[in-house]
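The values are calculated or read from the model by the stated rules, or taken from the named source; none is laboratory data. Quantities reported herein were computed from a predicted structural model and do not represent experimental measurements. Every residue, glycine as well, gets a Cβ built from its backbone with ideal geometry; the counts of neighbours run over all protein chains shown. Side chains included, ligands, DNA and RNA excluded: accessible areas come from the protein's heavy atoms. Shrake-Rupley method; radii C 1.70, N 1.55, O 1.52, S 1.80 Å.
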Amino acid sequence: NNPPWPAYRGYHEYSFAYATMGHRLPTILGKAIEDTIRTLNDQSAEDKVVDLVKCVERMDDLMSDLSGNQKLRPIIDDGEGDIPLWNKEIAKYFQGKDFMNAPWLFAEAYKYRRLHECFSISQYWKDYDVFFRQKCDTFSRSSDAVFELSTRFVEPFTHANHLSDGDKLEKERLMFLELTQVCLWGNSTDLSLLINMTEDQIKSLQSTGGEHLAATEKNILGNHMSRLWETIKDIKETRGRSGAGGRIDFVLDNAGFELYCDCVYADFLIQSGIASQVRFHGKRFAWFVSDVTRKDWEWLLNSMVYGQLFPKATDAELESLRRLGRRWKQYEKEGKWVYEQHAFWCTGYTYWDLHTEAPDLFLHLSQSDLVIFKGDLNHRKLTYDCAAPASTPFDVAIGPMATFPGAPRVASLRTIKSDVVVGFESDAIAEQLDQDEAGWKISGKYAVVLLSDGRPG
Ligand code: F6P
Ligand code: MG
């Protein structure tokens, strides 16, 4: 059940694994400790203070395990549903392994689970999210792009009566392709890489608009966008005929601006009649810094409707954001949008193991017309995070997620922020970039939009 290529590991000095395990993760943990201390300093009740001090002590212990490259121990049983999955995987594959010689993907995920454990075994702070402040703050500093999208998409997508069917379809196609790129590039503002971004840096990463999108399409190095449109058209036709309407799933990545872009995209999928239901899959606890939790989901929708995040915005801008937010909340009430969070998403398993380790989730996804995986980490998990040649076809790279009976159609929308790259037309494209542009695999400047047709049951 494994691909033939080696998985990246922390000791691979040539890879981003090395910098991440040795340097980035301790920095991220250090910031998490600072955040918790800030919360601690705001507390007054003694029992809560004492409880939180213990959380900080556990984070300090984690810091020395990480920096001292200790062996991976089982996760303490805090009664949460993912414990059997974690401890089975550790016992089966990673006994005696340490942070640097375990596969990078597993060791990195393990660090976030250990961070969660610092709080999950406490009395008062079980759900504390050390990254919450940061996630909210970055969204509130994204005003230009937020209002550019809200003012443009606040009016529901409709067709003028005089348009022919062909013209309507063409309009839908163009809108779909544009929004696919909005959704894709929304992934470049990921906080784990961009700690302490300036407002200008955020702006340049988030610039949307037609011209910009045309220019950025050339940076999509594995590009199945036209196949994706054909698929979408097919879903609309076949599901429309049966009267049921399509179901599209998003396996979410980051909170704040990326989630907002995902929602703009999902809104279009509903309004254009492509989908009658969109299901969003988030994380159960703070994960890879900026990933969406239920709290982030609720925060976004409520801030749009009731928040005071943008003091410099015009009344028209604020009204567009409120209207969008109200529409999205209404979708949720009507069951057109559903937010869910399966325990499997916060484990160290790659998606090569999804059908065996979370068969209920696999079955659930197999009922979807299209599952869109957002972002870099989801891409690493789909592809086993291994050193596959860049020309490896996407459906080969994702193994059972393409071939196991019932495998759904899968799309990966990912800006490239780590070593694994697949789905390119040739290895030469990657080789050339290796020569010409140091760091091209971690800058988020390049992307892939890849599709697998799956194996519908
Ligand atoms: O720490 C590395 C990493 O896992 C990379 O995959 C990526 O740079 C980042 O963290 C997460 O990116 P994303 O939010 O797009 O999954
Ligand atoms: Mg993320």
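Which order, highest average first, do 421-429, 274-282 follow once you tally other Cβ atoms within 10 Å for each residue and take the mean per peptide?
On the way: 421-429: 18.0, 274-282: 22.2.
Most protected by this proxy first, the peptides run 274-282, 421-429.
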Item to check | Overall Cα dimensions of segment 14-53 - principal axes, largest extent first, Å | outcome: 49, 14, 7
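Going down the table (54/111; 236/329; 168/233; 236/336; 111/135), which pairs top 22 Å between alpha carbons? Each step should come with its number before you reach the end.
On the way: 54/111 18 Å; 236/329 24 Å; 168/233 12 Å; 236/336 16 Å; 111/135 19 Å.
From 54/111; 236/329; 168/233; 236/336; 111/135, over 22 Å: 236/329.
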Checklist outcome for this item: Hydrodynamic calc, segment 252-332: Kirkwood Rh from Cα pairs, then Stokes-Einstein at 4 °C with viscosity 1.567 mPa s, so D in µm² s⁻¹ is 96
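Ranked by accessible surface with a 1.4 Å probe, highest first, in what order do 306, 11, 446 come?
Working: 306 155, 11 115, 446 20 Å².
The ordering from most to least exposed comes out as 306, 11, 446.
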Checklist outcome for this item: Note on segment 1-78: alpha-carbon gyration tensor, axes a ≥ b ≥ c; rule is a/c under 1.5 for rounded, else prolate if a/b larger than b/c, else oblate; result prolate
Item to check | Cα coordinate range in segment 54-184, projected on the principal axes (Å, largest first) | outcome: 68, 32, 28
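If the viscosity is 1.567 mPa s and the temperature 4 °C, what Stokes-Einstein diffusion coefficient in µm²/s follows for segment 211-346 when Rh is the Kirkwood radius over Cα pairs?
78
With 26 Å as the limit, write out which pairs from 171/381; 88/333; 295/381 have Cα-Cα distances beyond it, or answer none. List each step's numbers first, then the result.
Working: 171/381 35 Å; 88/333 38 Å; 295/381 24 Å.
Beyond 26 Å: 171/381; 88/333.
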Next on the checklist: Taking 25 °C and 0.890 mPa s as the conditions, I'd like the Stokes-Einstein D for segment 105-162 in µm²/s, using the Kirkwood hydrodynamic radius from alpha carbon pairs.
Outcome noted: 159
Checklist entry - If you roll a 1.4 Å probe over the chain with all protein chains in place, what percent of the accessible area is carbon or sulfur? => result 50
Checklist outcome for this item: Expected vector for segment 118-133, Karplus 3J(HN,Hα) from phi with 6.51, -1.76, 1.60 and θ = phi - 60°, integer Hz, x for Gly and Pro, equals 3, 9, 5, 9, 7, 8, 10, 10, 3, 9, 4, 10, 5, 9, 4, 3
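Using a 1.4 angstrom probe with every protein chain in place, what is the largest-first accessible-area order of 293, 151? Don't jump to the answer; show the numbers that get you there.
Numbers: 293 15, 151 70 Å².
In descending accessible area the options line up as 151, 293.
For the chain, with every protein chain kept in place, what is the accessible area per residue (1.4 Å probe, Å²)?
Values: 18660 Å² over 457 residues.
Value for the chain: 41 Å² per residue.
Please report Rg over Rh for segment 329-375, where both radii come from the alpha carbon positions and Rh follows the Kirkwood definition. Don't jump to the answer; show the numbers that get you there.
Details: Rg = 12.6 Å, Rh = 12.3 Å.
Rounded to two decimals, Rg/Rh equals 1.02.
May I ask you to rank 61, 267 by accessible area, largest first, using a 1.4 Å probe over the protein chains only? Write down the numbers at each step before the final one.
Values: 61 90, 267 5 Å².
So the residues, ranked largest to smallest area, are 61, 267.
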Item to check | For the chain: relative contact order, % (alpha-carbon pairs under 8 angstrom, 6 or more apart) | outcome: 18
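Please compute the alpha carbon radius of gyration of the chain, then divide it by the globular-protein estimate 2.2 N^0.38 Å. Two decimals is fine. It would help to have the intermediate numbers written out before the result.
Working: Rg = 21.7 Å, N = 457, 2.2 N^0.38 = 22.6 Å.
Relative to the rule-of-thumb radius for its length, the chain sits at 0.96.
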Checklist entry - What 222 nm value per residue comes from the helices of the chain, counting each DSSP H run with n ≥ 4 as -39,500 (n - 2.57) and dividing by all residues, nearest 500 deg cm²/dmol? => result -15500 deg cm²/dmol
Next on the checklist: For residue 140, project a label point 7 Å along Cα to C-beta. Then give me every residue of segment 265-297 with its amide nitrogen under 13 Å of that point.
Outcome noted: none
